[in-house]
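Below is one structure, written out as structure tokens; comments come after it.
The values are calculated or read from the model by the stated rules, or taken from the named source; none is laboratory data. Computed from a predicted structure; not experimentally measured. All Cβ positions, even for glycine, are placed from backbone atoms using ideal geometry, and neighbour counts span all protein chains on display.
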Amino acid sequence: MIRWLLGLIGLAFAATQALAADPVEIGVGYLGVAGTRSTLSLVEQPAENDGVAGARLAIEDNNTTGKFTGQRFTLEERRIKEGEDPVQAATALAAKNGFIIADLPADALLKVADALRDRGTLLFNAGAIDERLREADCRANVIHAAPTRSMLADALGQYLVWKKWSRWLLVVGSHDEDKLYADAIRRAAARFGAKIVQERTFEDTGGARRTDSGVTLIQRQMPVFTQSAPAYDVLVAADESEVFAAYLPYRSWDPRPVAGSAGLVPRSWDAAQDQWGATQMQNRFMKLNARRMTALDMQAWTAVRMIGEATSRTNSGDVRKVADFIKGPDFSVAAFKGTRLTLRDWNLQLRQPILLVDGRMVVSVSPQEGFLHQVSELDTLGYDRPESKCKLK
Amino acid sequence: MFGAASLVALALAATPAHAFVAYVSNEKSNTVSVIDTDSWTVTKTIKVGQRPRGIEFTRDGKFVMVAVGDDDTIQLIDANKQTVVDTLPSGPDPELFTQDAAGKTLYVANENDNTVTVIDLEKRARLGDIQVGVEPEGMTISPDGKTLINTSETTNMAHFIDTASRQIVANVLVDARPRFAEYKHDASELWVSSEIGGSVSIVDPGKHAVIGKVTFEIPGLRKEAIQPVGIGMTKDDKTAFVALGPANRIAVVDTATRKVTKYLLVGQRVWHMAFTPDEKYLLTTNGVSNDVSVIDVAAQKVIKSIQVGELPWGITIAPGIAPGIAR
């Protein structure tokens, strides 16, 4: 605590003589989980530095601006191993960093948020899409740069309805997060007037994702699994656990497009996004990290840029000042999505367009034309203010 | 972009005729459309490099420079032959550029490596680079030629660069994603448009401070759809025209009150603009509707639209009577 206070005093002191003397140091921590999850598609296998690579680019971008404003940003990364206490790691990070970018599961994020509350550390959720973090479990010290499941599902739902593919066959995985995604898809169907003609569950019976003769087997299994369905326009798969969705395209009994967790996928970002000046961003990312940019990279980039935007506007590295500005009415950030991104003040969720991608191209960007809203069309995606259960504290 | 304004200032006072020639860069078609302002028709379509955007006549009116970003160069179109005849050594991904009053030095914004490249136009050689903020974009030069302005889109600043020393002398923070900068002809104010911020900042070039802001409100349109990009200032500095991107409108701004007096409906995603040298007409490029709108400046009315190539982006008008037309 004393160290922190000293740090604050130091920051405040330095801020008054910005440019004249040494730059103001602004520490950003990155807290993630060690190891990567396994995907069905080898090309989609995330890199070890998925997420933090985006934060690193944003630190560079902030520092280019910082040269002119007398601010210097640093990044400190920590990975929690299996069984390790996230609070301990977060507390260690918070010693030097007033801001922490978190890519953590919902429960770990909540523990960290509550443990750091009195310290004044500002957390940015870059990874968790869980609704409850913005609803019943929302926290005043957590800002969400990641979209929510309902935003993703609504983005997809609007497009399918615009396309007049309004009869959906919903296939849901057997894991908890698959069920949560299915909830969001059902909600989207009800909101936008689509009909779920039938639901099926794909049980995860275990087994390896990489096998030598897998294709032959899958080619036989998937048509059988999808046969005898009522008439439908599109097969929507809820499979966040990467168990079956990627096996559906081209293998369904009826010749129908696939969307959701495979086929046409809603994401905050994609390596194929090249509109609204995004090419420069993609090039900068490639130059720094020697790979293409993922949605998680973008969410972390946006979080760090939000900090940079607020520190340059307030000409301050003081966490409280910066947090107040980000939560205030004048805050917005540009993130190559064709519109300014702002915060929903009732739950600190970043409003953002959602891309619909097929793995090679950006097919469309939601909100779709014609989905209107009295405040912001971006609020047609996800839970809106009147529905919110969040009480910030 | 090129100040349509500075072109106007240079307009050869001697030429009373009305036939001018406009060159429009078509970002997606990889072409430049040539428009005759007498008949308001496209008289020629010139094939250029990939992704043509920033476009400007050389001061002597002999060449048209067009930045072809995906080919990492600026091409020179001979205005007589109406074909590409040479290239300039810009840095990677050039988008917008500006030249000094004498037409000897060209300054190019290179979005990919956060630099402004300085080019000797006579020798067609690169003189050096200036480090600026993230994603340099808007470029203009002060009427006295002493200060170069560059806006950087992700840093959100207008950088004031001393053209003699090539050093940054001041940085002014403006709203998000500054795209374009334009001086008043009397140099008393610098106007900077912010695409994502949705405003135009008015900067005092002496104090290096934002002294006012123009904001826009269009009934029935949400704030996010209003994205200011190109700015055109009349010779008397009394009226500014601001292109509002996907709002599909040009705002007419009274520079004294800094308030919008009128919105002119043009084509979709209006980007940049140029005045005819006699200032009778203002031409705007409308990216999504693939056309150019013609505004009668005195009447403040849109009188025509001309189909060009795909995604028209920038526009420049010859400083005098077009070579080859109405001589």
Members of region A:289-302 that are in contact (Cβ under 8 Å) with a residue 40 or more places away in the chain and either surrounded by 22 or more Cβ atoms within 10 Å (Cβ to Cβ) or not in a helix (DSSP H, G or I) (or both): A:R291, A:M293, A:T294, A:L296, A:D297, A:M298, A:Q299, A:A300, A:W301, A:T302
message: Among the numbered criteria (1) among the small types (G, A, S); (2) under 30 Å from B:A209 (Cβ atoms); (3) out of contact with any helix residue (DSSP H, G or I) (no Cβ under 6 Å at 6 or more places or on another chain), which one does A:A271 miss?
response: (2)
query: Are any of the residues in region A:304-316 closer than 12 Å to A:I26 by Cβ and in contact with a Lys or Arg (Cβ under 6 Å, 6 or more places away or on another chain)?
result: yes
task: Determine if region B:39-53 includes at least one residue that is within 14 Å of chain A (Cβ to nearest Cβ) and among the charged types (D, E, K, R).
output: yes
task: Run B:K184 past the list (1) away from every other protein chain (no Cβ under 14 Å); (2) over 18 Å from the mean Cα position of the chain (by Cα) and report the number of the one that doesn't hold.
output: (2)
- prompt: For region A:55-72, how many residues meet the condition of being more than 13 Å from chain B (Cβ to nearest Cβ) and either without any contact (Cβ under 8 Å) to a residue 40 or more places away in the chain or under 20 Å from A:D103 (Cα atoms) (or both)?
  reply: 2
- prompt: What is the number of the single condition among (1) crowded, with 16+ Cβ neighbours inside 10 Å; (2) closer than 18 Å to A:V319 by Cβ; (3) more than 22 Å from the chain's Cα centre (by Cα) that A:A58 does not meet?
  reply: (3)
statement: Just one listed residue, out of A:T314, A:T342, is within 11 Å of chain B (Cβ to nearest Cβ), farther than 19 Å from A:D61 by Cβ and more than 14 Å from the chain's Cα centre (by Cα), and it is A:T342
query: Regarding A:R305, is this residue outside the structural domain of A:N63 (by TED's automatic domain parsing), in contact with a helix residue (DSSP H, G or I) (Cβ under 7 Å, 6 or more places away or on another chain) and either in a helix (DSSP H, G or I) or farther than 18 Å from A:L350 by Cβ (or both)?
result: no
message: Just the residues that are more than 13 Å from every other protein chain (Cβ to nearest Cβ) and outside any loop (DSSP other than H, G, I, E, B), please, taken from region A:380-393.
response: A:R385, A:P386, A:E387
Search result, residues across region A:268-288 that are surrounded by fewer than 18 Cβ atoms within 10 Å (Cβ to Cβ), assigned to a helix (DSSP H, G or I) and more than 10 Å from chain B (Cβ to nearest Cβ): A:M286, A:L288
field: Hits in region B:200-215 - residues which are crowded, with 22+ Cβ neighbours inside 10 Å and within 14 Å of chain A (Cβ to nearest Cβ)
entry: B:S201
message: Could you check region B:139-172 and list, in sequence order, the residues that are away from every other protein chain (no Cβ under 13 Å) and either free of Cβ contacts under 8 Å to residues at least 24 places away in the same chain or in a strand (DSSP E or B) (or both)?
response: B:M139, B:T140, B:I141, B:K146, B:T147, B:L148, B:I149, B:D162, B:A164, B:S165
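Regarding A:T302, is this residue over 30 Å from A:V171 (Cβ atoms), at pLDDT 95 or above and within 14 Å of chain B (Cβ to nearest Cβ)? Spell out how you get there, then give the answer.
Values: over 30 Å from A:V171 (Cβ atoms): yes; at pLDDT 95 or above: yes; within 14 Å of chain B (Cβ to nearest Cβ): yes.
For A:T302, the condition - over 30 Å from A:V171 (Cβ atoms), at pLDDT 95 or above and within 14 Å of chain B (Cβ to nearest Cβ) - is met.
Limited to region B:85-108, what total is found for residues that are within 11 Å of another protein chain (Cβ to nearest Cβ) and either outside any loop (DSSP other than H, G, I, E, B) or hydrophobic (A, V, I, L, M, F, W, C) (or both)?
Kept after step one, since they are within 11 Å of another protein chain (Cβ to nearest Cβ), are these residues of region B:85-108: B:92-93, B:95.
Checking the rest, the ones that are also either outside any loop (DSSP other than H, G, I, E, B) or hydrophobic (A, V, I, L, M, F, W, C) (or both) come to B:95.
Going through region B:85-108 one residue at a time, the tally reaches 1.
For region B:122-134, check the following and say yes or no: at least one residue is within 19 Å of the chain's Cα centre (by Cα), outside any loop (DSSP other than H, G, I, E, B) and more than 13 Å from chain A (Cβ to nearest Cβ).
Taking region B:122-134 and keeping what is within 19 Å of the chain's Cα centre (by Cα), we get none.
For region B:122-134, residues within 19 Å of the chain's Cα centre (by Cα), outside any loop (DSSP other than H, G, I, E, B) and more than 13 Å from chain A (Cβ to nearest Cβ): absent.
Which of the following residues is surrounded by fewer than 23 Cβ atoms within 10 Å (Cβ to Cβ) and modelled with pLDDT of 95 or more: B:V85, B:V66? Can you show your working first?
Values: B:V66 fails: surrounded by fewer than 23 Cβ atoms within 10 Å (Cβ to Cβ).
None of the others qualify; the one that does is B:V85.
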query: Which members of region B:190-216 meet the condition of being touching a residue at least 40 places away in the same chain (Cβ under 8 Å), part of a loop (DSSP other than H, G, I, E, B) and either under 19 Å from B:T261 (Cβ atoms) or in contact with a His (Cβ under 9 Å, 6 or more places away or on another chain) (or both)?
result: B:F216
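Could you count how many residues in region A:308-325 are assigned to a helix (DSSP H, G or I), out of contact with any Leu (no Cβ under 8 Å at 6 or more places or on another chain) and within 22 Å of B:E153 (Cβ to Cβ)?
Residues flagged as assigned to a helix (DSSP H, G or I), out of contact with any Leu (no Cβ under 8 Å at 6 or more places or on another chain) and within 22 Å of B:E153 (Cβ to Cβ) within region A:308-325 amount to 6.
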query: Is it the case that some residue within region A:367-379 is more than 10 Å from chain B (Cβ to nearest Cβ), buried (at least 19 other Cβ atoms within 10 Å of the Cβ) and in contact with a strand residue (DSSP E or B) (Cβ under 7 Å, 6 or more places away or on another chain)?
result: no
